[in-house]
1. Nearest 10 degrees, 0 to 90: what angle lies between the long axis of helix 161-170 and the longest principal axis of the chain (Cα atoms)?
2. Between the helical axis of 83-92 and the dominant principal axis of the chain, each derived from Cα atoms, what acute angle in degrees is found, rounded to the nearest 10?
3. For residue 190 and residue 14, what does the FRET efficiency come to when R0 = 25 Å and r is the distance between their Cβ atoms, rounded to the nearest 0.05?
4. Can you tell me what percent of all Cα-Cα pairs in the stretch 67-128 are more than 14 Å apart?
5. Please give the FRET efficiency for residue 131 paired with residue 54, using the beta carbon to beta carbon distance and R0 = 25 Å, rounded to the nearest 0.05.
6. Can you give me the angle between helix 66-76 and the longest principal axis of the chain, using Cα atoms only, in degrees from 0 to 90, rounded to the nearest 10?
7. Got the relative contact order for the chain handy, in percent, Cα pairs under 8 Å and 6 or more residues apart?
8. I want to verify a result. In a Gaussian network model of the chain, Cα cutoff 10 Å, which of these has the top mean-square fluctuation: 53, 148, 132?
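None of the figures in this text is laboratory data; all of them are computed from the coordinates on show. None of these values were measured; they are calculated from a predicted model. Here the Cβ positions follow ideal geometry from the backbone for every residue, glycine too, while neighbour counts run over all protein chains shown.
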């Protein structure tokens, strides 16, 4: 029904944006990652949207790219995965990494998302494995495994999981190996404090 919304970002909450366009303010739910990357309040924003209707609610979900919206729609097509759970999955890693985890049959990586248990993760893999394409999925999953361990290590050093994930996203792809990625993440994090 609604393909996208462009307008002025008037508010950022924990799990939603408020975007004003044509004199109307829309409440648009989004992942934490999308909210962080969405720009500052007062700036213009364009979100690709998904309009979700239930018996008791009509909700609008927003994404910075069409690929992210398509991946979200694939996730909610799986029985037992609602919009909030799909946003939680999108928050744990980049889309390429999530597609690789599904393609490689790794429910343990999907269960890192809030509200996703092993059975739901396995159902996602069974239903979506043939629908997601992932080049070099083995290498991507190996990097995800490493990053999961690194987030744990950084949180044990006193960093919040969210800031640890953010720092790991900024580590250049050419830096490989646990020690090298950890050193670079620590260097990035020490510059923030």
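1. 80
2. For 83-92 against the chain, the angle is about 30 degrees.
3. With a Förster radius of 25 Å, E is 0.40.
4. Result: 45 percent of Cα pairs exceed 14 Å.
5. The pair residue 131/residue 54 has a calculated efficiency of 0.55.
6. On a 0 to 90 degree scale, this one is about 90.
7. 12
8. Largest GNM mean-square fluctuation: 53.
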